[in-house]
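Worksheet: the structure to be examined is printed underneath.
The values are calculated or read from the model by the stated rules, or taken from the named source; none is laboratory data. Values in this document were obtained by computation on a predicted structure and should not be read as measured data. Note that we place each Cβ from the backbone using ideal geometry, even for glycine, and neighbour counts take in every protein chain shown.
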Amino acid sequence: MMGERPSPPARFEPVADGDLRIAEVSFLTQVNLRLDPGDPAAGDIGRALGVPLPTEPGTYGSADVDVLWLGPDEWLIVGEPGRERDLETRLRTAAGTGHVAVTDVSAQRTTLLVAGPKARDLLAHGCALDLHPRVFGPGRCAQTMLARAQVLLVARDGDEFLVLVRPSFAGYLVAWLLDAAAEHLSGQPG
Amino acid sequence: MTRQPFRRDGHRGETLRFRFDGRDYEGYRGDTLASALLANGVRAVATSVRLGRPRGVFAAWTEEPNALVQIEHPFPEPMLQATTVELYDGLVARGLPGKGRLSGEADPARHDGVYAHCDVLVVGAGPAGLSAALSAAGSGARVVLADDRPVPGGSLPDTAETVDGLPGAEWAAAALAELDGHPEVRVLARTGVLGYYDDNYLVAVERRGERASSRERLWRIRARRVVLATGAHERSVAFAGNDRPGVMLASAARAYVNRYGVLPGRRAVVFTANDSAYAAARDLTAAGVEVAAVVDVRRGGGRSWDGSEVLAGHLVTGVDGQDGVSSVTVSPDPRGGLAGDREIEADLLLVSGGWNPVVHLFGQAGGRLRYDERLGALLPAATRQAVEVAGAARGLSTLGRCLADGAAAGARAAEAAGFRAGRRSAARAEDVAAALAEHVWLVPAADYRGHFVDLQRDVTVADVMRATRAGLRSVEHVKRYTTAGTAHDQGKTSGLLTSGVVAHLLEVDVAELGTTTFRAPYVPVSFATLAGRDRGALHDPVRVTPLHGWHVARGALFENVGQWKRPRYYPRAGEDMRAAVLRECAAVRRGAGAMDVSTLGKIDLQGPDAAELLDRLYTAMMSTLPVGAIRYGVMCQPDGTVFDDGTVTRLAEDRFLATTTTGNAAAVLDWMEEWLQTEWPSLRVYCTSVTEQWATVALAGPGSRAVLAGLAPGLAVDGESFPFMTWREARVAGIEARVCRISFSGELAYEINVSAWDGLALWEAVQGSGAVTPYGTETMHVLRAEKGYPIVGQDTDGTVTPADLGLGWVLSGKKADYVGKRSHARPGDLRPDRKHLVGLLPDDPDRLLPEGAHLVATARLPEPPVPALGHVTSSYRSAALGRTFALALVSGGRERVGDRLYVPVGAEQVPVTVTRHVLYDPEGARRDG
Amino acid sequence: MMLIPCPWCGPRDEAEFHYGGQAHVAYPADPAALSDAEWARYLFFRDNPKGPFAERWSHAAGCRRWFNVVRDTATNEIHAVYRAGGQRPVSP
């Protein structure tokens, strides 16, 4: 009786304003990968993923999955929902006998989409990073704090950000985002 | 005829009504509360904090020491300066006797914060600041210009000087409009920078008003370069009666006539030691104020003055008038050999003792200051921060030089940040040569009790003399002895004056004394603003598990464990906590109960050296654990004290799962990374948090085997197939699960782990079996305490070792080392009087001991100091024991089993008997059901 | 709020980091071989200079890497940042 997946962790009415959109993107596949980038397995894994493991801190590469730099020996592979098994197998096969850790962490974070011309202004209420497009443009990612929650922030094309957060924090973070968003919605006092 | 009798002829505006001290008045938009009060002839605005003396408006902006008000409506706010409160229609305020009061009403306003980054932050939008921002903006740099006033220009609207041929205020407005046109420039008006911290991190408060989404906004600005163009404050002179309403800084009077169109009096005397007050006298005369005399300390007087009489080489030696100046006594400087006092009728006395560059932020930034003898002022000297100081803030006194200096500083800052500043000629203004100023700190007298140094703190020269006569030599000590400079105004008008007076009394140079340390905030800030969005429900993150909605729907009451909300118990109709917990405990001991334990920390360790890492960090041997088995483990600090405990599950030869306590999940992962990265980088093991990947349901009680069998028909659940401390993979309620046979209650029990996404489905299936009682943390605490299982952080503090807890069996003797092992052999760890975890049974089986209560040996409390033997760490009512019991840490406790001890509770000595810490099923017979 | 240059992530606010005390205090190779006094010295004794101090920090809210910093304890000026296990740069 494999039941329906429960409702997403954050569970809120999405915001779809002219300048600002906030929504939850649930159940993405996420696999944590640890290895020494100098290990020969790194090249094989990059080929298996279709994109080399990024070694420049705070960047990500994309193929049919996104490969996000988390640390000098740590990446997060993010893909469409339901690909945990496929990805784990692909990574383990490519890793061979190398010292590699592959961990399914798909349920370890949920994902919020914050997008639109006001997205940067909204995030700046609680994120100490410089989010200027020259500094944190498409292709950049960062583990940092948003309000009082640790997040993984991903900048995509078109003023679009993904905010990956522990599900236990999602309710808090969404309440915070909606409160901070109020002034950026049309018809609200600035 | 205007209803504002002191309004300058021809000055009009949108009329605003307000109430002050119970009387109704009118003012104009653009007024401050202070200017509106002056326009209505209100002179005594507040009373002083210590002496209760009437006080009037003394300054025209944030340096105001006197005119403190309490806003009553539209929102209650204490301790504001009337000189900075923008007047609005319907304002209700009253003057304060020195101290405000916090409102008892909740404040419905929102406060928030924003982080900002820039290449160049310019603080102050006066002539220098605007010039700096213009030249930096032209380079393409990201510029933030923050200014605390509602309109740009700094002192320009006060002085009505011209820039580039335009009235100063018009030039400033045009400059601001140009800046607003730059896409990379952000202009923050009404935004006062109040703190300058490490690495060019500045904090500012924006006053946004009642109609904005937030009343105040805290800006946290990280700037690559900073230009401080913060201007200068005029300072007073210590003379008798210098606190009377009607005594006012000359520059403030000039601001009231020029900026606000208000006459601060009808007939004025000007007391000065420099030329700037002459300009004030000229502007007041033009506005229709009669200037009766200019009293100039300097024997040669000031620049040419075609107004009234100049009394060169004279001093003001007295001021008459209780609630406001009525006359001023002027005497020749005794050093000049002249004699003959004169009394001049006046309702206004303008004072200018010189100018203090506003170096507060520079000082906060760690910058050193130097005293300039010629200027009689502290000027910025060296600093390690990337900051420029421009204009009057570094002692420049003429408008033309400030404009040029700001433009150069802005260009330098942009270039230092990596931009190329364009060639832009600085704005120009006429510079008038000034005669040399003199520095007069106090007017000599026989009695100094009326010579005020700090108006807000009511500190006089007499108070400072008392300090110096007591032997104090440092201005820091004098400040603390007299409280001078400790008020809301941070000594803006009094700081250097205090130093000057101390120097005079000690007959040393001001340069030798310096001034007191500048600290944030430069202007007062409310706690609500500092808190911003971190209040109420958003004060701290509330963390919940995937099952939280179910717990809420079933009426669970919650316990905070760190940031987590954990169900504490699930009361049924009519049950209190005691009844609910006894029922839940009985259900687990007799049938089956289920608990959400998803909050436990979980760390996935992979790699050929994972076993070696665990052997080093846990006190027990983990490398001998077979795949499929589970072991309890304790981690210690190097000093041997308990850090955390949990279970270690061997998933594969090179893969383990370690669990941690709820509160220590992040700390344990950090701990593992710390050892791996800093001490043992050669160990090949990776640690990954999977705390929230899994939802975990504890199923406990003699009935749990049958429940599990029903939910997992494919799993062999008999004790032989599935022994204690092993795990199996199975489908439970159709969900892929890892089932572990571990117990924290002493009963037959399982922990079922599934993907967090499936947690709720599993939990509902367990509850749907019909035989299971949901239980919370309180029941879990009771059950484990009956078994003597400690909870790290409740039964331990930073002094408790595993041996103290009766956990000697987890300390491996076979391993050469584990973190903490060496400490367990230190003499202190071997003392027989260490505190051991023991059980306590109160003589009265219904008596519940308070946790934290102390233990003593005697039935009567001896005289202090009372030798305390230890304290109660856990205390409960037990359904299984049919009585109350407690755990306690007791000195030499294991040797005291059977002894009678006493727990002082209030005036009572509650008798208890010491027992072993395992009170229920000490043989462990119930573990296998 | 100090701006600490993480060797991996670049400059980040101090609030993202955990402090780890004095650097270059190695866990003894064989604690059992140490006298009680020597072990106590390892456990409890640390330098506390006014001025440059080599200390450990961890980028807890970021890449979770430990690294070393030479920071002036009087001014918070950061003179050097280097990876865990690295040698302290010469002066100041």
When region B:67-119 is examined, which residues are found to be more than 14 Å from chain A (Cβ to nearest Cβ) and among the basic types (Lys, Arg)? B:94, B:99, B:101
Please work out if residue B:488 is part of a loop (DSSP other than H, G, I, E, B) and closer than 25 Å to residue B:235 by Cα. yes
Among what's in region B:661-684 and is more than 7 Å from every other protein chain (Cβ to nearest Cβ) and within 16 Å of residue C:84 (Cβ to Cβ), pick the residue that is nearest to the chain's Cα centre (by Cα). B:671
Which is within 14 Å of chain A (Cβ to nearest Cβ), buried (at least 20 other Cβ atoms within 10 Å of the Cβ) and touching a residue at least 12 places away in the same chain (Cβ under 8 Å), of B:708, B:657? B:657
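Test residue A:41 against the criterion of being farther than 29 Å from residue B:758 by Cβ and modelled with pLDDT of 95 or more, and give yes or no.
It is true that residue A:41 is farther than 29 Å from residue B:758 by Cβ and modelled with pLDDT of 95 or more.
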Quick check on my filter: what residues within region B:512-552 are in contact (Cβ under 8 Å) with a residue 12 or more places away in the chain, more than 9 Å from every other protein chain (Cβ to nearest Cβ) and outside any loop (DSSP other than H, G, I, E, B)? B:513, B:528, B:529, B:530, B:531, B:550, B:551
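For (1) surrounded by fewer than 24 Cβ atoms within 10 Å (Cβ to Cβ); (2) modelled with pLDDT of 95 or more; (3) aliphatic (A, V, I, L, M); (4) not in a strand (DSSP E or B), each residue gets a yes or a no:
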{"residue": "B:3", "(1), (2), (3), (4)": "yes, no, no, yes"}
{"residue": "B:12", "(1), (2), (3), (4)": "yes, no, no, yes"}
{"residue": "B:16", "(1), (2), (3), (4)": "yes, yes, yes, no"}
{"residue": "B:19", "(1), (2), (3), (4)": "yes, yes, no, no"}
{"residue": "B:37", "(1), (2), (3), (4)": "no, yes, yes, yes"}
{"residue": "B:41", "(1), (2), (3), (4)": "yes, yes, no, yes"}
{"residue": "B:49", "(1), (2), (3), (4)": "yes, no, yes, yes"}
{"residue": "B:58", "(1), (2), (3), (4)": "no, yes, no, yes"}
{"residue": "B:64", "(1), (2), (3), (4)": "no, yes, no, yes"}
Yes or no: region A:116-127 includes at least one residue that is farther than 18 Å from residue C:10 by Cα, within 14 Å of another protein chain (Cβ to nearest Cβ), in a loop (DSSP other than H, G, I, E, B) and within 18 Å of the chain's Cα centre (by Cα). yes
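For region C:35-74, which residues satisfy the criterion of being in a loop (DSSP other than H, G, I, E, B), within 30 Å of residue A:71 (Cβ to Cβ) and at the interface with another protein chain (Cβ under 10 Å from one of its Cβ atoms)?
Hits for region C:35-74 are C:59, C:60, C:61, C:62, C:63, C:64, C:65.
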Strands (runs of 3 or more DSSP E) contained entirely in region B:300-405, each with at least 1 residues that are among the basic types (Lys, Arg) and closer than 28 Å to residue B:286 by Cα: B:342-345
It is to be established whether one or more residues within region A:83-106 are closer than 29 Å to residue A:16 by Cα, more than 9 Å from every other protein chain (Cβ to nearest Cβ) and in contact (Cβ under 8 Å) with a residue 40 or more places away in the chain. yes
For residues that are in contact with a Lys or Arg (Cβ under 7 Å, 6 or more places away or on another chain), in a strand (DSSP E or B) and not small (Gly, Ala, Ser), tally how many sit in region B:606-635. 1
Residues (buried (at least 16 other Cβ atoms within 10 Å of the Cβ), free of Cβ contacts under 8 Å to residues at least 60 places away in the same chain, among the polar types (S, T, N, Q) and within 23 Å of residue B:355 (Cα to Cα)) located in region B:260-312: B:285
Would you be able to tell me the number of residues in region B:70-104 that are assigned to a strand (DSSP E or B) and either modelled with pLDDT under 95 or not hydrophobic (A, V, I, L, M, F, W, C) (or both)? 12
Here are the criteria: (1) under 29 Å from residue B:759 (Cβ atoms); (2) in a helix (DSSP H, G or I). Tell me which single one residue B:567 does not satisfy. (2)
Can you go through B:481, B:448 and tell me which one is surrounded by fewer than 21 Cβ atoms within 10 Å (Cβ to Cβ), at pLDDT 95 or above, among the hydroxyl-bearing types (Ser, Thr, Tyr) and under 27 Å from residue B:99 (Cβ atoms)? B:481
Within region B:76-93, which residues are more than 15 Å from residue B:38 (Cβ to Cβ) and of a type in the set (A, V, I, L, M, F, W, C)? B:79, B:80, B:91, B:92
Could you tell me whether region B:380-393 includes any residue that is at pLDDT 95 or above and more than 30 Å from residue B:515 (Cα to Cα)? no
Can you pull out every residue in region B:448-473 that is in a loop (DSSP other than H, G, I, E, B) and in contact (Cβ under 8 Å) with a residue 12 or more places away in the chain? B:448, B:449, B:450, B:455, B:456, B:457, B:458, B:473
Filter region A:137-150 down to residues that are at the interface with chain B (Cβ under 10 Å from one of its Cβ atoms) and at negative phi, then give me how many there are. 3
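Table: residues versus (1) touching a residue at least 12 places away in the same chain (Cβ under 8 Å); (2) among the small types (Gly, Ala, Ser).
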residue	(1), (2)
C:15	yes, yes
C:19	yes, no
C:41	no, no
C:46	yes, no
C:51	yes, yes
C:56	yes, no
